[in-house]
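The values are calculated or read from the model by the stated rules, or taken from the named source; none is laboratory data. For clarity, every value in this text was computed on a predicted model and none was experimentally measured. Using ideal geometry, Cβ is built from the backbone for each residue, glycine included, and neighbour counts are taken over all protein chains shown. All accessible areas refer to the heavy atoms of the entire protein, side chains included, with ligands and DNA or RNA removed. Shrake-Rupley method; radii C 1.70, N 1.55, O 1.52, S 1.80 Å.
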Amino acid sequence: MTPMLSKKGIFPTHLFFADDIMIFCKGNMKSLHNLLNILGKYQAASGQTVCRQKSKVYYGGNSLSRCRTITDLLGMEVSTFPDRYLGVQIMPGAVKYRHICNVIEKIKKQLSVRKGRLLSFQDRVVLINSVIASYSVHNMAVYKWPRKFIDQCERVIRNFLWSGDCEVSRKFVVAYEKVCCPVREGV
């Protein structure tokens, strides 16, 4: 199969995760027939079958007739960007704030005021950990997220932790003597 070429000479061929796979190739007929051949061999060797109803084609060309030919040959439907794969939003190019700003609202909803004020500090820590774990934080490893987004997430979590409310900022001051050694004992 002829690999896709992208900017800066990077040409991905595939991504695997458990029983999911993304295969990248050019849409020429030789590559597509080889792709079908590889999928057929995989099915025969593993006993697994490719579910074409759940499979998608991302087409980057301009010709609608070419796109139709590819989808008819593969028996899969065309999908467009942005899309989701394993909980991660995939899209061409860099992640923009507008693509992920809804995550902050979801975090706020999960860390609601009615829950926070009734919980102890330790309970709020546990709730924060479960909320953060429930979101696809692993997609930060895939994309470099905008600093503005990370700062807002940290603010929401910090406010909830200290005040029980995502919108209310509360600072705690600790005496210097409690966190540092006396000057006479050294720095």
By how many degrees, 0 to 90 and rounded to 10, does the Cα axis of helix 64-74 deviate from the longest principal axis of the chain? 90
Leaving ligands, DNA and RNA out of it, report the carbon-plus-sulfur percent of the accessible area of the chain at a 1.4 Å probe. 58
In what sequence, highest mean first, do 97-103, 10-16 appear when ranked by Cβ atoms within 10 angstrom? 97-103, 10-16
Which lysines, if any, have their Cα less than 25 Å from the Cα of residue 96, not counting same-chain residues under 8 positions apart? 7, 8, 56, 106, 108, 109, 144, 148
Working only with C-alpha atoms, what are the Rg and Dmax values of the chain, expressed in angstrom? 24.4, 81
With a 1.4 Å probe and every protein chain left in place, work out the accessible area per residue of the chain in Å², rounded to a whole number. 72
Comparing 105, 77, 177 in a Gaussian network model of the chain (Cα, 10 Å), the one with the largest mean-square fluctuation is 177
